[in-house]
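The values are calculated or read from the model by the stated rules, or taken from the named source; none is laboratory data. Quick caveat: nothing in here was measured; it's all calculated off a predicted structure. Don't worry about glycine lacking a Cβ; one is built from the backbone with ideal geometry, like all the others, and counts go over all protein chains shown. Ligands, DNA and RNA are stripped out before the accessible areas are found, and what is left, the full protein with its side chains, is counted by its heavy atoms. Shrake-Rupley method; radii C 1.70, N 1.55, O 1.52, S 1.80 Å.
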Amino acid sequence: MLIGCILICYKTFSQSSKTSLRSVESLPTWFRSQAVLHDYDGIYSVSGAVDPNFLEADFNGQGHLDIAVFIVETKSLKKGILIQHREDNTMHILGAGTSIGTFDDFSWMDHWQINMDSTAEETVFSENFDIVGSKTVQITNIAIEVSSSESPSNLIVWNETKYFWIHTGD
């Protein structure tokens, strides 16, 4: 977990992940105003590969609007999500070279949205990773639903200490 903020870079890393001035300027003022505090050696940049390039909701249930920003790790070009909790400015990197579940790169993702459902059907796998069924799980906080046009959606949820992955499809 990183404490602080990232420097928002205006560099172009590839045509598909081009960061435009417009996408950076669309970020909430409270986030942009803190983004110059720490640059973490230019490790991450806002990615314009997904629209919208950020989501706002109370992801950790503390009563403040938090932000999730689609980012790219500048060295590897792996994509991911940075979530910053507004009340204490803690940052959580999911993907972009940092594993959540079995993923460290969200380059496959082309859609995300806020999910406010209180339950989800989590896919259950055998030790050999064969699907054996599903189980209903309770979701106590607002989730981020991620997907690609070629796969079912999955959920990213805060469990009071960290973000975890709920596999909800085949």
Quiz item: For the range 13-29, what are the residues that are surrounded by 15 or more Cβ atoms within 10 Å (Cβ to Cβ), modelled with pLDDT of 50 or more and assigned to a helix (DSSP H, G or I)?
Solution: SER23, VAL24
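Considering each residue of the range 45-90, count those that are farther than 22 Å from SER147 by Cα, of a type in the set (Lys, Arg) and either touching a strand residue (DSSP E or B) at 6+ places or on another chain (Cβ under 9 Å) or not in a loop (DSSP other than H, G, I, E, B) (or both), and give that number. Can you show your working first?
At the first step, the residues of the range 45-90 found to be farther than 22 Å from SER147 by Cα are 61-65, 74-75, 85-90.
Okay, now just the ones that are also of a type in the set (Lys, Arg), so 75, 86.
Applying the additional criterion that residues be either touching a strand residue (DSSP E or B) at 6+ places or on another chain (Cβ under 9 Å) or not in a loop (DSSP other than H, G, I, E, B) (or both) yields 86.
Total satisfying the criteria: 1.
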Self-check item: Residues within the range 119-166 that are open to solvent by 70 Å² or more (accessible area, probe 1.4 Å), without any contact (Cβ under 8 Å) to a residue 40 or more places away in the chain, among the charged types (D, E, K, R) and part of a strand (DSSP E or B), tallied
Solution: 1
Quiz prompt | Residue that is farthest from ILE144 (Cα to Cα) [pool: residues in the range 91-116 that are at pLDDT below 90 and in a strand (DSSP E or B)] | solution = THR98
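Yes or no, residue by residue, for (1) among the charged types (D, E, K, R); (2) out of contact with any helix residue (DSSP H, G or I) (no Cβ under 8 Å at 6 or more places or on another chain); (3) closer than 25 Å to PRO28 by Cα:
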{"position": "PRO52", "(1), (2), (3)": "no, yes, yes"}
{"position": "HIS64", "(1), (2), (3)": "no, yes, yes"}
{"position": "THR74", "(1), (2), (3)": "no, no, yes"}
{"position": "ILE81", "(1), (2), (3)": "no, yes, yes"}
{"position": "GLU122", "(1), (2), (3)": "yes, yes, no"}
{"position": "LYS135", "(1), (2), (3)": "yes, yes, no"}
Practice problem: Scan (1) over 16 Å from ASN115 (Cβ atoms); (2) free of Cβ contacts under 8 Å to residues at least 60 places away in the same chain; (3) within 15 Å of the chain's Cα centre (by Cα) for the single condition LEU82 breaks and write down its number. | Solution: (2)
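Just checking, which of ILE67, ILE3, ILE8 is out of contact with any Cys (no Cβ under 7 Å at 6 or more places or on another chain) and at pLDDT 60 or above? If you could, list the steps in order and put the result at the bottom.
Numbers: ILE3 fails: at pLDDT 60 or above; ILE8 fails: at pLDDT 60 or above.
None of the other options fit; the residue is ILE67.
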Practice problem: Filter the range 90-101 down to the residues that are in contact (Cβ under 8 Å) with a residue 60 or more places away in the chain and of a type outside the set (Gly, Ala, Ser), then identify the one that is farthest from GLY42 (Cα to Cα). | Solution: ILE100
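Just need a number here: residues in the range 35-44 that are open to solvent by 40 Å² or more (accessible area, probe 1.4 Å) and either outside any loop (DSSP other than H, G, I, E, B) or at pLDDT 75 or above (or both).
The total comes to 3.
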